[in-house]
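Here the structure is laid out as structure tokens; the discussion comes afterwards.
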Amino acid sequence: MNFEFSDEQLIMKEEVRKLLDKENSVKRNRNILEGEESFDKDLWDSLVSMGLTAITIPEEFGGIGMGYLELCVVAEELGRAIAPVPFSSSVYLATTLILDHANKDLKESYLPRLASGEIIGTLAHTEKSTHPTPDSIETTYDGGSITGNKAVVPDGDIADFTIVSAKHDSGIGLYLVDLNSSGVSKETLETFDPSRSHSNISFDKAPAIEITKDGWGAIEKLMDQSAVLFAFEQIGGAEAAMTMAKDYAQGRFAFGRSIAQFQAIKHKIADMYIALQLAKSNCYFGAWALSNDAAELPTAAATARVSSTKAFYECSKENIQTHGGMGATWEFDCHLFYRRSRLLAANIGSQGIWKDKLITSLEKSNLPA
Amino acid sequence: MDFNDTPEEANFRKEVSDWLKENVKKIPEAEDTSENSSLARARAWMQIKHESGWACLHWPKEYGGRDATAMERVIYSQEESKYRLPNGFYEIGQGMAGPVMMMYATEEQKEKFLPPMANGKEIWCQLFSEPGAGSDLAGIKTKSELDGDTWTVNGQKVWTSGAHYSDYGILITRSDFSAPKHKGLTYFFLDMKSPGIEIRPIKQINGGANFNEVYFNDVKIPDSQRLGEVGEGWGVALTTLMNERLAVGDAGGVDFKEIFEFTKTQDFNGDVAVKNDAVREKLADWYCEYSGLKYTKMRRVSALSKGETPGPEASITKIVSANKMQDIANFGMDLIDSSSIVPDQSFGSALQAGLLGAPLLRIAGGTDEILRNIIAEQVLGMPQDIRPDKGVPFNEIPSGEKN
Ligand SMILES: Cc1cc2nc3c(=O)[nH]c(=O)nc-3n(C[C@H](O)[C@H](O)[C@H](O)COP(=O)(O)OP(=O)(O)OC[C@H]3O[C@@H](n4cnc5c(N)ncnc54)[C@H](O)[C@@H]3O)c2cc1C
């Protein structure tokens, strides 16, 4: 049995980690959070030149033809570094949909430019303040164009194009819309975690290219695939927060000793470790299921998602607590991780949704031994 | 990344599963539900295993083992766990006492004591905890004094699992009360039939009486049965406990699968329980823990397969599984509502057993709190608790035995 990433994958992970360290990604997160820019263009360019946007794209479409296992280790590092870049939107969401569902012409037109970072894509799916269902989608596709309103689109004002879910005569389809075309208007939002940009986007007869008529099936599959990748970001962030807490505790003295000697603190950090290990092991299984497109993917994805969301929440909130008053300041980095943990928990569906998905998938499957 | 055996591992697995298929059916039926009857079945099974070389896999062949690798041991236990087998009784002997004897006993003693430990004839117990020393094991007070080449032991041990059916025991004592706490300890093995030993069963909260008080009144132990040097028993004890860590596994009892199946048939508020959102939410949390432990184990096995040694990371298994079992049992009983307190339905009884068994698991072999300390200190490298007893002569350290 070899339930571990390969040496090459671990080396790649280390390289990405070094790059993000060297580029001071956490500092860059703060700059984006505080500044006017919607993402860090320099950091994005560094990631692109390392080939990270090309990982899952086959060589025939200008990519490097690696697999999801490589993308998982990259995701973990981006999460650890809370990188302020539109990577998840462009790579986990837009690229995956085009790879899995677009026709050859579209692939030839879009994938090489996604691989080279020349263009950035995203997904516009949510409409209201609830998790979308097939019945709740009101945006329509008719005669080659899209009309409707999409809410909190991640990286909506950064992306060059988006894939939109919309009603057609007999169901929900997915359509590609150039965000610079006529009939598109964007409104940038103030959000809980401004290190990642979000927008509302309105489409008024915006020209659109059909990707698939079975959009709902495609979205469900995409949610499972991306849940694994987001979960890796979440455990990366969780581990960073746990490490911050541990390091701070060791250097902080109160009542004549290091606060790391107080069990209330030690046991808190041991609990973070437990939550993190459980989540990490579930992520590994998710990575296996994703890279093998296994029948277990729905269960594996939901399990990874639920436990990683929990772990990041736990680690990021107790990291603030461990820092005392320092943790409450804008100046300390604790809140950057806390904000990111909430953002990642919100972006592809809440805990309630994913717990329900998990039990639904277990009801359908025979329980693994 | 895969779950596949290497060709050697696959061969070994096949050998194990073929053997188990043929041999499990040779185990005699239980005569009744008594302890003696389970003991007889466990002995019979150990004997069958031993005859074909499947007992004590990790032990050297010369003492009745198989010289198996850690990975082979894992594969064997994975295959064995597919059956309900009369295991138990031998963890302390084969898992802890055996390895300690191999390190510290004389060649002659090893030849005499290890083979009957391996073939299941002799059972061993662990005489460590005392009324005043459990988590803080080095605080024991059972006294040993040397006269010529014989030691005299006086004192009391407690929570000694299986003392009443054990043939031998491993024992820590204090031979020097004026030395600092960890320096004055001396370690022995002894015959449980020695004159002066008195064993009194203690009834547990779940009604069983598997652990005991063991009194020592002028019990004589030959100096040849000392393991390690005089005053260096703490090191021997730590080696023993390290082996205990390798042995601890999942809490046996109600787990995710059982409660999940149950919620599919149990009514709750007008529908089957599994359709209720609050129930689904709980199930999802337990599944995440169940699955997290399962794949944590796979990661550990992968490390073993590459030849790495297991570290204290395994401490999370007992904390998570014992607490999960307690919550599942409590929640399951809640679903059965007021009739849950009556032991008349098969699952209701399993839940009751879980609810009364989980507290024991959370204490035995290192409490939840001690395991959290181990994670913080040994895995994460955080400092030890403040220890006012460090370096102080043992007889000057305050101790509070609250009984
Ligand atoms: C079912 C069962 C079987 C057992 N079998 C055996 C056996 O075969 N042989 C044997 O020798 N022993 C055996 N034990 C004893 C077991 O090892 C001890 O009960 C255990 O180590 C706890 O010690 P204690 O009972 O003295 O509790 P204490 O150590 O007094 O603990 C009381 C409480 O204080 C907490 N506590 C103690 N120290 C600390 C600390 N440093 N930091 C934070 N909290 C702390 C504990 O976590 C616990 O909650 C068995 C126990 C059980 C329940």
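The values are calculated or read from the model by the stated rules, or taken from the named source; none is laboratory data. Fair warning: this is a prediction, and the values are worked out from it, not measured in the lab. Positions of Cβ are generated from backbone atoms using ideal geometry, with glycine treated the same way; all protein chains shown enter the neighbour counts.
Would you confirm whether any residue within region B:147-156 is out of contact with any Lys or Arg (no Cβ under 8 Å at 6 or more places or on another chain) and at pLDDT below 95?
The initial filter retains those residues of region B:147-156 that are out of contact with any Lys or Arg (no Cβ under 8 Å at 6 or more places or on another chain), namely B:147-149, B:156.
Subsequent filtering for residues that are at pLDDT below 95 retains none.
The answer is no, given that none of the residues of region B:147-156 is out of contact with any Lys or Arg (no Cβ under 8 Å at 6 or more places or on another chain) and at pLDDT below 95.
Filter the helices (runs of 4 or more DSSP H) completely within region B:228-335 down to those with at least 1 residues that are within 12 Å of chain A (Cβ to nearest Cβ) and either on the phi > 0 side of the Ramachandran plot or buried (at least 17 other Cβ atoms within 10 Å of the Cβ) (or both).
Values: elements: B:233-247, B:256-265, B:277-305.
Correct list: B:256-265, B:277-305.
Could you check region A:269-279 and list, in sequence order, the residues that are more than 8 Å from chain B (Cβ to nearest Cβ) and more than 13 Å from A:Met244 (Cα to Cα)?
Taking region A:269-279 first, the residues more than 8 Å from chain B (Cβ to nearest Cβ) are A:272, A:275-276.
The answer is A:Ala275, A:Leu276.
Just the residues that are among the hydrophobic types (A, V, I, L, M, F, W, C), more than 11 Å from B:Leu171 (Cβ to Cβ) and away from the ligand (no atom under 12 Å from the Cβ), please, taken from region B:124-154.
B:Leu146
Determine, yes or no, whether A:Asp142 is over 30 Å from A:Glu34 (Cβ atoms) and in contact with a His (Cβ under 9 Å, 6 or more places away or on another chain). Give the derivation first.
Working: over 30 Å from A:Glu34 (Cβ atoms): yes; in contact with a His (Cβ under 9 Å, 6 or more places away or on another chain): yes.
Yes, satisfied.
With respect to B:Ser161, is the statement that it is hydroxyl-bearing (Ser, Thr, Tyr), in contact with a strand residue (DSSP E or B) (Cβ under 6 Å, 6 or more places away or on another chain) and either within 9 Å of the ligand (Cβ to nearest atom) or within 14 Å of another protein chain (Cβ to nearest Cβ) (or both) true?
Numbers: hydroxyl-bearing (Ser, Thr, Tyr): yes; in contact with a strand residue (DSSP E or B) (Cβ under 6 Å, 6 or more places away or on another chain): yes; either within 9 Å of the ligand (Cβ to nearest atom) or within 14 Å of another protein chain (Cβ to nearest Cβ) (or both): yes.
Judged against the criteria, B:Ser161 is a match.
Applying the selection to region A:215-268, what residues are small (Gly, Ala, Ser) and without any contact (Cβ under 8 Å) to a residue 40 or more places away in the chain? Spell out how you get there, then give the answer.
Here is the first cut: in region A:215-268, the residues small (Gly, Ala, Ser) are A:215, A:217-218, A:226-227, A:231, A:236-238, A:240-241, A:245, A:249, A:251, A:254, A:256, A:258, A:260, A:264.
Hits for region A:215-268 are A:Gly217, A:Gly251, A:Ala254, A:Gly256, A:Ser258, A:Ala260, A:Ala264.
Kindly check whether there is at least one residue in region B:356-364 that is within 10 Å of the ligand (Cβ to nearest atom), assigned to a loop (DSSP other than H, G, I, E, B) and of a type in the set (Gly, Ala, Ser).
Pass one, region B:356-364, residues within 10 Å of the ligand (Cβ to nearest atom): B:357, B:359-364.
Next cut, assigned to a loop (DSSP other than H, G, I, E, B) only: B:362-364.
With the extra rule that they be of a type in the set (Gly, Ala, Ser), the set shrinks to B:364.
There is at least one residue in region B:356-364 that is within 10 Å of the ligand (Cβ to nearest atom), assigned to a loop (DSSP other than H, G, I, E, B) and of a type in the set (Gly, Ala, Ser).
Any idea which residue in region B:12-44 is nearest to B:Trp54 (Cα to Cα), counting only those that are of a type in the set (S, T, N, Q) and loosely packed, with under 13 Cβ neighbours inside 10 Å? So that I can check it myself, show each step before the final result.
So the first thing to find is which residues in region B:12-44 are of a type in the set (S, T, N, Q), and the list is B:17, B:23, B:33-34, B:36-38.
This time we only want the ones that are loosely packed, with under 13 Cβ neighbours inside 10 Å, so: B:33-34, B:36.
On the way: B:Thr33: 27, B:Ser34: 27, B:Asn36: 24 Å.
That would be B:Asn36.
What pairs come out if I take residues in region B:350-368 that are closer than 22 Å to B:Phe260 by Cα and pair them with residues that are more than 8 Å from the ligand (Cβ to nearest atom) and of a type in the set (Ser, Thr, Tyr) whose C-beta lies under 8 Å away, six or more apart or interchain?
Taking only residues 6 or more apart or on different chains, the pairs are B:Leu351/B:Ser340; B:Gln352/B:Ser340.
Let's see how each residue does on (1) touching a Cys at 6+ places or on another chain (Cβ under 8 Å); (2) away from chain A (no Cβ under 13 Å); (3) modelled with pLDDT of 90 or more:
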position: B:Ser346; (1), (2), (3): no, yes, no
position: B:Leu351; (1), (2), (3): no, yes, yes
position: B:Gly365; (1), (2), (3): no, yes, no
position: B:Arg387; (1), (2), (3): no, no, no
position: B:Pro398; (1), (2), (3): no, yes, no
position: B:Glu401; (1), (2), (3): no, yes, no
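Are any of the residues in region A:243-259 in contact with a Lys or Arg (Cβ under 7 Å, 6 or more places away or on another chain), acidic (Asp, Glu), assigned to a helix (DSSP H, G or I) and within 13 Å of chain B (Cβ to nearest Cβ)?
For region A:243-259, residues in contact with a Lys or Arg (Cβ under 7 Å, 6 or more places away or on another chain), acidic (Asp, Glu), assigned to a helix (DSSP H, G or I) and within 13 Å of chain B (Cβ to nearest Cβ): absent.
Conditions (1) hydrophobic (A, V, I, L, M, F, W, C); (2) within 14 Å of the ligand (Cβ to nearest atom); (3) not assigned by TED's automatic domain parsing to the domain that holds B:Val230, marked per residue:
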residue: B:Ser175; (1), (2), (3): no, no, no
residue: B:Ser178; (1), (2), (3): no, no, no
residue: B:His182; (1), (2), (3): no, no, no
residue: B:Tyr187; (1), (2), (3): no, yes, no
residue: B:Lys193; (1), (2), (3): no, no, no
residue: B:Ile197; (1), (2), (3): yes, no, no
residue: B:Arg200; (1), (2), (3): no, no, no
residue: B:Phe211; (1), (2), (3): yes, yes, no
residue: B:Val214; (1), (2), (3): yes, yes, no
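Within the set of pairs 6+ apart or on separate chains, which have a first residue in region A:344-358 that is closer than 28 Å to A:Val85 by Cβ and away from chain B (no Cβ under 11 Å), a second that is β-branched (Val, Ile, Thr) and surrounded by 16 or more Cβ atoms within 10 Å (Cβ to Cβ), and C-beta atoms under 6 Å apart?
Every condition considered, the pairs that remain are A:Ala345/A:Thr309.
Every residue in region B:339-349 that is over 19 Å from B:Lys264 (Cα atoms) and either among the charged types (D, E, K, R) or assigned to a helix (DSSP H, G or I) (or both), please. If you could, list the steps in order and put the result at the bottom.
First, the residues of region B:339-349 that are over 19 Å from B:Lys264 (Cα atoms): B:341-344.
Hits for region B:339-349 are B:Ile341, B:Asp344.
Output the strands (runs of 3 or more DSSP E) that fall wholly within region B:125-209 and possess 1 or more residues being of a type in the set (A, V, I, L, M, F, W, C) and buried (at least 16 other Cβ atoms within 10 Å of the Cβ), or say none. Give the derivation first.
Values: elements: B:143-147, B:150-157, B:168-174, B:185-191, B:197-202.
Strands (runs of 3 or more DSSP E) meeting the threshold: B:150-157, B:168-174, B:185-191, B:197-202.
Any residue at all in region B:109-123 that is assigned to a strand (DSSP E or B) and either touching a residue at least 24 places away in the same chain (Cβ under 8 Å) or within 12 Å of the ligand (Cβ to nearest atom) (or both)?
So the first thing to find is which residues in region B:109-123 are assigned to a strand (DSSP E or B), and the list is none.
No - not one qualifying residue is present in region B:109-123.
Answer yes or no: is there a residue in region B:266-273 that is aliphatic (A, V, I, L, M), closer than 30 Å to A:Ser350 by Cβ and out of contact with any Leu (no Cβ under 7 Å at 6 or more places or on another chain).
Yes, the conditions are met somewhere in region B:266-273.
Condition first: in contact with a Lys or Arg (Cβ under 6 Å, 6 or more places away or on another chain), buried (at least 21 other Cβ atoms within 10 Å of the Cβ) and more than 14 Å from chain B (Cβ to nearest Cβ). Can you find one or more residues in region A:220-237 that meet it? Break it down into steps so the answer makes sense when it comes.
In the first step, residues of region A:220-237 are kept if they are in contact with a Lys or Arg (Cβ under 6 Å, 6 or more places away or on another chain); the result is A:227, A:231, A:235-237.
Cutting the leftovers down to buried (at least 21 other Cβ atoms within 10 Å of the Cβ) gives us A:227, A:231, A:235-237.
Pick out the ones that are also more than 14 Å from chain B (Cβ to nearest Cβ) and you get A:236-237.
Scanning region A:220-237 turns up at least one residue that is in contact with a Lys or Arg (Cβ under 6 Å, 6 or more places away or on another chain), buried (at least 21 other Cβ atoms within 10 Å of the Cβ) and more than 14 Å from chain B (Cβ to nearest Cβ).
If the Cβ limit is 6 Å and pairs must be 6+ apart or interchain, which residue in region A:318-330 that is at pLDDT 95 or above pairs with which residue that is surrounded by fewer than 20 Cβ atoms within 10 Å (Cβ to Cβ) and not in a helix (DSSP H, G or I)?
Close Cβ pairs (under 6 Å, with a partner that is surrounded by fewer than 20 Cβ atoms within 10 Å (Cβ to Cβ) and not in a helix (DSSP H, G or I)) amount to A:Met326/A:Phe332.
Name the pairs whose Cβ atoms lie under 6 Å apart, with the first residue in region A:295-313 and within 12 Å of another protein chain (Cβ to nearest Cβ) and within 14 Å of A:Leu278 (Cα to Cα), the second β-branched (Val, Ile, Thr) and surrounded by fewer than 24 Cβ atoms within 10 Å (Cβ to Cβ), and 6 or more positions between them or separate chains?
none
Checking the conditions here, which among A:Thr96, A:Thr126 is of a type in the set (Ser, Thr, Tyr) and out of contact with any helix residue (DSSP H, G or I) (no Cβ under 8 Å at 6 or more places or on another chain)?
Numbers: A:Thr96 fails: out of contact with any helix residue (DSSP H, G or I) (no Cβ under 8 Å at 6 or more places or on another chain).
Result of the check over A:Thr96, A:Thr126: A:Thr126.
Of the residues in region A:1-30, how many are without any contact (Cβ under 8 Å) to a residue 24 or more places away in the chain and either assigned to a helix (DSSP H, G or I) or more than 14 Å from chain B (Cβ to nearest Cβ) (or both)?
Matching residues across region A:1-30 total 9.
Residues are listed down the side, and each one gets a yes or a no for (1) more than 14 Å from chain A (Cβ to nearest Cβ); (2) among the charged types (D, E, K, R):
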residue: B:Leu20; (1), (2): yes, no
residue: B:Ile27; (1), (2): yes, no
residue: B:Ser34; (1), (2): yes, no
residue: B:Arg43; (1), (2): yes, yes
residue: B:Tyr83; (1), (2): no, no
residue: B:Tyr90; (1), (2): yes, no
residue: B:Gln94; (1), (2): yes, no
residue: B:Gly98; (1), (2): yes, no
